[in-house]
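Everything below concerns the one structure shown next.
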Amino acid sequence: MTRSSELFDRAKRVLPGGVNSPVRAFRAVGGTPFFVAHAEGSRLIDVDGRSYIDYVCSWGPLILGHAHPAVLEAVRQAAQRGWTYGAPCEAEVELAEEVRRRMPSVEIMRFVNSGTEATMSAVRLARAVTGRELIVKFEGCYHGHADGFLVKAGSGVATLGLPDSPGVPAALASLTLTAPFNDARAVADLFREHAGRIAAIIVEPYVGNAGFISPDSDFHPALRDVCDQYGALLIFDEVMTGFRVAAGGAQERLAVAPDLTTLGKIVGGGFPVGAYGGRADLMKRIAPDGPVYQAGTLSGNPVAMAAGLATLRETNRPGFYESLEQKTTRLLAGLERAAQRHGVAITAGHAGSMWGVYFTAGPVRNYADAKRTDTALFARWHKAVLARDVFLAPSAFEAGFVSSAHSDAEIDFTIEQLDAALAEARAR
Ligand SMILES: *Cc1c(COP(=O)(O)O)cnc(C)c1O
């Protein structure tokens with residue numbers, strides 16, 4: 001019996017499923033999770049002493065890898081000055097200025113403690129500004145676990161949403177309309193049908209929570225147009241893509257300016273931080289400037305702000321994003337060669353260092369396509385990959401991440417393991 005399985009047994013007696021976030025339990029791929037003892041650079045080391053090359057990177061925040069020395073030093077120094085004040089501090093201003101410099105559409109922002117808080121607050125603001133109640137989201141997009149987002153499509157794009165989870169009031173779920181990703185016509189139909197009632201579209205500009213899906217080049221410009229035409233707001237949920245797919249996030253890469261942006265993950269450097277922001281005239285409606293209430297005991301936490309700031313400063317180094325993109329391209333090219341050699345159909349994609357692979361000939365343009373991929377093969381492959389000391393997200397519907405701590409040698413080692421694991425998974 002390993003120490004991880006002992007801990008997992010104990011965990012299951014005191015935590016739902018033994019975890020504090022569901023996918024960590026490995027249910028989608030079978031098997032049980034390893035428990036982490038420590039982490040450094042590209043590696044996680046479990047309580048049994050096994051070391052894994054980590055492509056989960058805490059589900060996105062760790063663009064510099066684990067325990068980066070510059071972030072560690074910033075955290076240490078900040079903590080020495082006390083770790084929560086309940087009063088403003090300089091680091092909040094510095095981080096906000098850095099975010100605005102990198103994302104000019106985010107003129108004013110509010111820091112919160114998670115991506116979930118950011119998206120729910122952005123939607124509250126959009127509803128307040130427009131005086132409308134409906135929102136549009138896309139099937140397979142994840143915007144945190146607030147009630148209004150736990151909604152999938154019923155049959156047909158214009159169908160009112162049905163709650164995805166018990167506990168979500170049907171009345172609330174009915175305010176969320178859904179459409180397939182990459183289907184601008186379905187969105188236009190929703191706006192026609194519910195004219196004057198839609199407050200906002202919220203979208204992951206590159207989908208990372210249904211596996212990885214790229215937008216068609218005309219998709220986001222079409223969303224921008226339909227929002228402008230009907231007086232609705234466009235919210236880019238950049239919790240995952242922000243400072244990941246480019247220095248200025250997806251909005252820079254796609255050259256589309258949203259009205260509001262939500263951030264999380266990288267902006268906190270691995271500490272609990274989220275943010276929402278956008279046009280000054282909109283953000284002026286947030287309390288205490290305006291009537292839209294939103295608050296937080298630990299919001300703008302000085303240690304978390306220091307971690308976010310130190311992380312963003314490291315990513316400002318010349319060539320940082322180019323180098324990450326090259327490593328990711330190399331990883332996926334290796335995987336594609338392996339798949340071809342083993343006669344396995346895959347569809348791999350990436351934006352910067354955010355990537356994904358589906359077991360299908362593709363193309364994968366939306367959630368329905370993603371759900372038709374071979375998840376059983378993925379589960380066998382995941383298990384074989386893990387046995388070879390490489391940690392991929394334990395679900396076919398999650399993105400992977402490369403960090404600046406991943407060396408070319410580690411990428412090449414990974415390709416060999418992914419290749420061998422593919423042969424094993426296929427043979428079974
Ligand atoms: C992770 C994520 C969230 C939720 O953030 P939490 O910090 O987990 O609450 C929201 N939106 C997107 C796009 C995400 O990837």
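The values are calculated or read from the model by the stated rules, or taken from the named source; none is laboratory data. All values reported here derive from a predicted model rather than from experimental measurement. Glycine also receives a Cβ, built like all others from the backbone with ideal geometry; neighbour counts cover every protein chain displayed. With ligands, DNA and RNA removed, areas are computed over all heavy atoms of the protein, side chains included. Shrake-Rupley method; radii C 1.70, N 1.55, O 1.52, S 1.80 Å.
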### Query
In nm, what is the difference between 0.36 nm times the number of residues separating ASP412 and SER58 and their Cα-Cα distance?
125.3 nm
### Query
Along the charge dipole of the chain, which of VAL47, MET120, LEU263 sits closest to the positive end, that is, farthest toward it, with unit charges on the beta carbon of Lys, Arg, Asp and Glu (+1, +1, -1, -1)?
VAL47
### Heavy atoms of ARG279: accessible area, 1.4 Å probe, square angstrom to 10
90
### Query
For the chain, with only Lys/Arg (+1) and Asp/Glu (-1) charged at the beta-carbon, what is the dipole magnitude about the Cα centre, in debye rounded to 20?
720
### Message
Helix-only mean residue ellipticity at 222 nm, the chain, DSSP H runs n ≥ 4 weighted -39,500 (n - 2.57), per residue, nearest 500. What is it?
### Response
-12000 deg cm²/dmol
### Message
Along the Cα→Cβ direction, 7 angstrom out, place labels at ARG185 and GLU133. What is the inter-label distance in nm?
### Response
3.1
#### Entry: Virtual paramagnetic centre 7 Å along Cα→Cβ of ALA195, amide N under 17 Å, in the range 204-229
226-229
#### Entry: Linear extension gain, ASP218 paired with ASP281, 0.36 nm per residue minus alpha-carbon span
19.9 nm
### ³J(HN,Hα), Karplus 6.51/-1.76/1.60, whole Hz, each residue of the range 35-42, x for Gly, Pro
9, 8, 8, 7, 8, 7, x, 8
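Between rounded, prolate and oblate, where does the range 34-174 land on the alpha carbon gyration tensor, with a ≥ b ≥ c its root eigenvalues, rounded for a/c under 1.5, else prolate if a/b exceeds b/c? Please report the intermediate quantities before stating the final value.
On the way: a/c = 2.53, a/b = 1.42, b/c = 1.79.
Because a/c hits 1.5 or more and a/b fails to exceed b/c, the range 34-174 counts as oblate.
When the accessible area of the range 69-315 is computed with all protein chains present and a 1.4 Å probe, what percentage of it is carbon and sulfur? Walk me through the numbers before you get to the answer.
Numbers: 5230 of 9700 Å².
On the range 69-315, the fraction of accessible area on carbon and sulfur atoms equals 54 percent.
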### Summary
One point scatterer per Cα, no solvent, Debye formula: log10 I(q)/I(0) for the range 69-315 at q = 0.11, 0.13, 0.17 Å⁻¹ comes out as -0.55, -0.76, -1.24
### Query
Using 1/(1 + (r/R0)^6) with R0 = 25 angstrom and r between the beta carbons of LEU15 and THR297, what's the FRET efficiency to the nearest 0.05?
0.60
### Message
As I understand it, the dipole of the range 69-315 uses +1 on the Cβ of Lys and Arg and -1 on the Cβ of Asp and Glu, about the Cα centre. Which of TYR142, VAL93, LEU175 lies farthest toward its positive end?
### Response
VAL93
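Hey, can you find the accessible area per residue of the chain for me, probe 1.4 Å, expressed in square angstrom?
Values: 17960 Å² over 428 residues.
With all protein chains present, the chain gives 42 Å² per residue.
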### Simple label model, 7 Å out from Cα along Cβ direction - GLU424 to ASP228, nm
5.3
### Message
What does the extension gain come out to for HIS38 and ARG330, with contour length at 0.36 nm per residue minus their alpha carbon separation?
### Response
102.4 nm
### Query
If you look for lysine pairs in the chain that are eight or more places apart or on different chains, how many of them have Cα atoms under 25 Å apart?
11
### Query
Which value results for Rg/Rh of the chain when Rg is the Cα radius of gyration and Rh the Kirkwood radius based on the inverse mean 1/r?
0.96
### Query
Residue-wise, which Karplus ³J(HN,Hα) couplings in Hz belong to the range 262-273, taking 6.51 cos²θ - 1.76 cosθ + 1.60, θ = phi - 60°, and x for glycine or proline?
10, 10, x, 6, 4, 4, x, x, x, 9, x, 9
### Task
Among SER299, THR373, HIS406, flag the residue with its Cα farthest along the positive direction of the charge dipole of the range 275-428, charges on Cβ as +1 for Lys/Arg and -1 for Asp/Glu.
THR373
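Grab the other residues whose beta carbon is less than 13 angstrom from that of SER299, score K and R as +1, D and E as -1, and report the net.
Numbers: positive: ARG110; negative: GLU92, GLU117.
Within the 13 Å Cβ shell, the charges total -1.
Using the beta-carbon distance between ALA87 and GLU322 and R0 = 45 Å, what value does 1/(1 + (r/R0)^6) give for FRET efficiency, to the nearest 0.05? Mind dumping the intermediate values first?
Details: r = 40 Å, r/R0 = 0.90.
Using R0 = 45 Å, I get an efficiency of 0.65.
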